[in-house]
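Structure record follows, encoded as structure tokens.
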Amino acid sequence: LTQASEYTANNVVVSSGLPQQQRFRAATSNEVLSVDNLGSKLAYSAPYTVNNSMRYLSIPMQAGYLLVNKTFGLQLNAGVATDLFLQNTIKADNDQLDRTSQPSGSDSPYRAVNLSGLLGTEVSYRFGENYRISLNPGIRYPFNTIYKTELGVSSTPLTFDIGLRFRYIFHLALQPFKA
């Protein structure tokens, strides 16, 4: 699962080193939250767009009820997903600025594990005896903030997604057991 956001920034973080060797990059969440340590490394710049991309390994568990089971089908689904944080990548749209990645761990401002609620539908088309193709629009909502509680920052992003499924339907012929 990848969740992406975009925002505009007007400052950069300066790497340490001699002036001719200095590199610049967008500030990470950890640096913004520890402003007292950042002050000496922060430089103001022209506004630029920052792309923030968070990657998760998501393990969903859903149950659904098939309302219509004809050529066209309609199903309602609900469930939960365990989201394991992998990394956050911060990249500016300016080629002069370096890309930054924050992996999971004690230095990361993000929770390593989050639980999210899932709600969705499935609109399907059955073709042939054993085949069904469907579109699955859905909503994902974290039960708690994606940031660690000690940071004092709260964010529960509502995510809309759409999936495409291809399904093969098995037909089992059960024979009565005779002793």
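At-a-glance table
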{"quantity": "Whole-angstrom gap from the stretch 43-88 to the stretch 135-179, using each part's C-alpha centre", "calculated": "8 Å"}
{"quantity": "Fraction of beta bridges assigned by DSSP in the chain that are antiparallel (%, nearest 5)", "calculated": "95 percent"}
{"quantity": "Accessible area of the chain belonging to carbon and sulfur atoms, whole % at 1.4 Å probe", "calculated": "58 percent"}
{"quantity": "Within the chain, longest stretch free of exposed trypsin sites (Lys or Arg not before Pro) [DSSP loop, at most 16 other beta carbons within 10 Å]", "calculated": "100-147"}
{"quantity": "Cβ-defined net charge surrounding L119, 13 Å radius [Lys, Arg +1; Asp, Glu -1]", "calculated": "-1"}
{"quantity": "Solvent exposure of the chain as accessible area per residue, Å², 1.4 Å probe", "calculated": "66 Å²"}
{"quantity": "Heavy atoms of L67 accessible to a 1.4 Å probe, total area in Å² rounded to 10", "calculated": "90 Å²"}
{"quantity": "Model label zone, T121; criterion: amide N under 11 Å from point 7 Å along Cα-to-beta-carbon; scope the stretch 65-93", "calculated": "74-77"}
{"quantity": "(1) 8, 27, 24, 17, 12, 7, 3, 1, 0; (2) 8, 33, 38, 19, 2; (3) 9, 33, 32, 17, 7, 1, 0, with the label sought being that of the calculated P(r) over Cα pairs in 10 Å bins from 0, in percent", "calculated": "(1)"}
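The values are calculated or read from the model by the stated rules, or taken from the named source; none is laboratory data. From a predicted model like this one, the values you see are computed outputs, not experimental measurements. Here Cβ is always computed from backbone atoms with ideal geometry, including for glycine, and neighbour counts include all displayed protein chains. Calculation scope for accessible area: heavy atoms of the full protein, side chains included, ligands and nucleic acids excluded. Shrake-Rupley method; radii C 1.70, N 1.55, O 1.52, S 1.80 Å.
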